[in-house]
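What follows draws every value from the coordinates through simple rules; no lab data is involved. These figures come from a predicted structure and were not determined experimentally. All Cβ positions, even for glycine, are placed from backbone atoms using ideal geometry, and neighbour counts span all protein chains on display.
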Amino acid sequence: MSTFDLSLLMNGVERGAARHADSALRMVLVEGEALRLPLSRLRVSVLSGTAWITQSGGDTLLQAGGSFKLTAAGDRAVISPIGTVPLLFEMR
């Protein structure tokens, strides 16, 4: 499984046009990929597919239309798709 860390990318994004509080960052993950979510984004919404989110030892499964609020004081969360359908999600 590949795990990506968006820290460097997010540093640039936070300084640019996507810095506005209402702007969303959309991502797609496919089977076998995982992503460490930046704590600068506190809400994850699943647009299609199914997400498995792990944070502070707890697991959450989300289907399309579901959202998850990250705990800023907790560990960085990891998100990955469940199954073969690509996961499309956004972070705010």
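Using Cβ counts within 10 Å as a stand-in for footprinting exposure, how do THR54, THR84 rank, fewest first?
Lowest to highest Cβ neighbour count: THR84, THR54.
How long is the gain from LEU42 to SER67 if the chain were fully straight, where each residue apart is worth 0.36 nm and the alpha carbon distance is subtracted?
Values: separation 25, 0.36 × 25 = 9.00 nm, distance 1.05 nm.
Gain in length upon complete extension: 8.0 nm.
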